[in-house]
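Below you'll find the structure, written out as structure tokens, and then a few comments.
The values are calculated or read from the model by the stated rules, or taken from the named source; none is laboratory data. For clarity, every value in this text was computed on a predicted model and none was experimentally measured. In this analysis, Cβ positions are derived from the backbone assuming ideal geometry, glycine residues included, and neighbour counts consider all displayed protein chains.
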Amino acid sequence: MENISERPIPPWAKELPDGAFVSYDPTYPTGKYFSRFTEDSYEGMKYYFYDPTAHGYPEKKEYPLLIFLHGTSNALVGELCINYSGAEMFSSDDYQKDLGGAYILVPLANEYKDEDGKVQGFWDESYIEPVMALIDDFIDKHSDGVKEKILLGNSSGARFTFTLGQHYPEKFDILVPVGNSDIPSDETIDKWDELGVTLFLALSKHDEILSYETQVVPRLERLKAMKHSFIFTPDWTYNGDRGVASINFGYEMGQHCLMNGVQTNLMFDDGTPMYDQLPNGFTGWLKEELDKRMKVCQ
């Protein structure tokens, strides 16, 4: 366990409950599963993908497709973006077994740094049609067809998850925005209800970049009234070692990076759940959601 004085003290450290400690690094491996992903491109946009049928699963059209949208600047780090987007661990044997097999797609925005060193080219509305075309091309080119399409986004990728879900509500079955509060209008949410879209909204109450109280709380009543929603707003974001997560790149954003917890499957390293409301982790919740949809279709 690290001494809290060895790294910058997070601004929220004084709010920690008794006995809690600060943890500075995720405990899941980085790069262990990169070899399971293949690189490809479509119309100038690079992407990485995982194919379950290349790893022992039979060819069929019933697998879900997990589409991970990375946060700003993550496309600049190459294949590390697989991990930073939250996708890497979902290719592991355990996670795939939980889901019964699943395709994974990680599109990369065409990001670059301008002459002032600022990141440009991150996800915005100009990517809506290109990303939708990429998804369709991926399904046609690399799969035998897919069943549910699940869109997961981290930070600005979560904002883009909301954007795609607003413009193409009929194209996605489950939306998982993590670390963003750009909740669409009631009209869009009504459309999701009409189409049977499920929303899993994840945002830490101590998010350093977004305000839970002013940006999420006013919309909670409508979100909870959805036909299919799971509102996941934990008090704290944890790492697998049971410490409260801190990441400092000149400013604190450990609580903003709740996707790290999702990639840990919301489980501590000893196999116990981080949160009572998700006793089987995120993959357990997702498997239950997929099973519900299967029963509705039967």
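Just wondering, is there one or more residues in segment 5-21 that are touching a residue at least 60 places away in the same chain (Cβ under 8 Å), in a strand (DSSP E or B) and touching a helix residue (DSSP H, G or I) at 6+ places or on another chain (Cβ under 9 Å)? No, segment 5-21 contains no residue that is touching a residue at least 60 places away in the same chain (Cβ under 8 Å), in a strand (DSSP E or B) and touching a helix residue (DSSP H, G or I) at 6+ places or on another chain (Cβ under 9 Å). Against the list (1) outside any loop (DSSP other than H, G, I, E, B); (2) of a type outside the set (S, T, N, Q); (3) under 23 Å from Ser85 (Cβ atoms), the condition Leu210 fails is (1). Of the numbered criteria (1) out of contact with any helix residue (DSSP H, G or I) (no Cβ under 6 Å at 6 or more places or on another chain); (2) among the hydrophobic types (A, V, I, L, M, F, W, C); (3) in contact (Cβ under 8 Å) with a residue 24 or more places away in the chain; (4) not in a strand (DSSP E or B), the one Trp123 fails is (1). Screening Asp94, Asp116, Asp40 for residues that are part of a helix (DSSP H, G or I), at negative phi and either touching a Gly at 6+ places or on another chain (Cβ under 7 Å) or of a type in the set (D, E, K, R) (or both) leaves exactly one candidate, Asp94. Residues considered: Leu151, Leu134. Of these, the only one that is assigned to a strand (DSSP E or B) and either at pLDDT 95 or above or not aromatic (Phe, Trp, Tyr) (or both) is Leu151. No other residue among Gln215, Gln255, Gln263 is within 30 Å of Lys147 (Cα to Cα), out of contact with any Pro (no Cβ under 7 Å at 6 or more places or on another chain) and either without any contact (Cβ under 8 Å) to a residue 24 or more places away in the chain or surrounded by 13 or more Cβ atoms within 10 Å (Cβ to Cβ) (or both) apart from Gln263.
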